[in-house]
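J.: Dumping the structure here so I can ask a few things about it.
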Amino acid sequence: MLAFLTTRLAQAIPVLFGVSLAVFLMLHLIPGDPAALIAGADATAADVENVRQSLGLDRPLAAQYLGFVGRALSGDFGKSFRTGRPVLEEVLPRYANTLALGAIALSLAIVIGMASGIVSAVRRHTLFDNAALILSLAGVSMPTFFLGLMLMLVFSVWLGWLPLSGMSSWAHFILPAITLSTASVAIISRVMHASLIEVLSEDYVRTARAKGQRESVVIWRHAVRNALIPVVTVAGLQLGYLLGGAVVTETVFAWPGLGRLLVQSILARDFPVVQASVLLLAVSFVAINLATDLIYGLIDPRIRAR
């Protein structure tokens, strides 16, 4: 198991290097002079040169990259162009809000998706199975912004049951979490359904039934556990997608998360905040994949023996 995780950590290093390089080059690949863009349209040539020197943009590109990596490893991403505050003070509270929303959305997706997938696999070709298939297709196909607006219209405007936007109580989590989790519920449900159907046709499941074990024992002890590996993979990836793809949901519900901050920073050309946000999301995605690999070992003893 230790060798398995060591291998995964070694594989993550090139990914993080590539991400850090892409985030660093983000400032240099945009059209025009980065120093002139940062200084503003009304800046003089002297102002632009001062900005270039203060940000180290006059140094060789390799030296700039090494400096960027060194500062990033120490948690120094500079100051926000928009507010003048340290970048981490801007990013970390918003990241915590996005992480909380993503965790709740993923919990809903796992519970509802696995439950519907198991029931539809056990009761194949029934009304429930057909309904689950139709709802899954609708969940994957429906645009996030449309679903969010419809939920706001029904439960906030017409019925008045839930708050419209913001984040000041637990009730504010409900509509954004449902909106964000809908596609993940559909994906996890179909993966659970397909994986469980495949496992139920295996010889050891038929043997367990031939021994006279109860159907509930056969399903939960023998079938579901062995069908979880693909579901764990998809669930881990979905958390990464939920964190990175929360931009639309956070914008619709005015949620003070990292995705909304990222959009605002792009529009304001606040490059340090954009770089820190993208890098934080990428590191989170790599960490989620490593955690998923660890869960593999808890589910499948063959991985722990490696």
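Laboratory data are not the source of any read-out in this text; all were calculated from the coordinates shown. Computed from a predicted model, the values in this text were never measured in an experiment. Cβ coordinates were reconstructed from backbone atoms using ideal geometry, including for glycine residues, and neighbour counts include every protein chain displayed.
J.: Applying the Karplus parametrisation 6.51 cos²θ - 1.76 cosθ + 1.60 with θ = phi - 60° to the phi angles of the stretch 228-236, what ³J(HN,Hα) value in whole Hz is obtained for each residue in order, glycine and proline being reported as x?
T.: Values, residue by residue: 7, 4, x, 5, 4, 4, 5, 5, x Hz.
J.: Name the trypsin sites (Lys or Arg not before Pro) in the stretch 204-297 that are in a loop by DSSP and that have at most 10 other C-beta atoms within 10 Å, would you?
T.: Lys211
J.: While we're on this one: Pull out a ≥ b ≥ c, the square roots of the eigenvalues of the alpha-carbon gyration tensor of the stretch 153-285, then state rounded if a/c is under 1.5, prolate if not and a/b is larger than b/c, and oblate in the remaining case.
T.: Verdict is oblate for the stretch 153-285.
J.: Please report, in debye to the nearest 20, how large the charge dipole of the stretch 193-250 is about its Cα centre when each Lys and Arg carries +1 at its beta carbon and each Asp and Glu carries -1 there.
T.: Using Cβ point charges on Lys, Arg, Asp and Glu, the stretch 193-250 gives about 380 debye.
J.: Another one. Nothing charged except the Cβ atoms of Lys and Arg (+1) and of Asp and Glu (-1): what's the magnitude of the dipole of the chain about its Cα centre? Round to the nearest 20 debye.
T.: Here the chain has a charge dipole of around 1160 debye.
J.: Follow-up. Only counting other Cβ atoms within 10 Å, I'd like His28, His125, His172, His193 sorted with the fewest neighbours first.
T.: His125, His28, His172, His193
J.: Once the dipole of the stretch 167-306 is set up with Lys and Arg at +1 and Asp and Glu at -1 on Cβ about the Cα centre, which of Ile174, Val234, Val252 lies farthest towards its positive end?
T.: Val234
J.: Using +1 at the C-beta of Lys and Arg and -1 at the C-beta of Asp and Glu, which of His125, Leu106, Leu61 has the Cα lying farthest in the positive direction of the dipole of the chain?
T.: Positive-end residue among those listed: His125.
J.: Test of understanding: in a Gaussian network model of the chain with alpha carbons linked when under 10 Å, which of Leu239, Leu127, Leu151 would top the mean-square fluctuation ranking?
T.: Leu127
J.: Next question. Taking 7 Å along the Cα-to-C-beta vector as the label spot, tell me the Met150-Ala43 distance in nanometres, rounded to one decimal.
T.: Label-label distance for Met150 and Ala43, simple model: 4.7 nm.
J.: Assuming 0.36 nm per residue, please report the length gained on full extension of the stretch Leu298 to Asn130 beyond their Cα-Cα distance.
T.: Here the answer is 57.2 nm.
J.: To continue, here is another question. In nm, to one decimal, how far is the modelled label at Val140 from the one at Leu21, with both set 7 Å along Cα→Cβ?
T.: 3.4 nm
J.: Now for a separate question. What chymotrypsin sites (Phe, Trp or Tyr not before Pro) in the stretch 140-204 are in a loop by DSSP, with at most 12 other Cβ atoms within 10 Å of the Cβ?
T.: Here the sparse-neighbourhood loop sites are Trp161.
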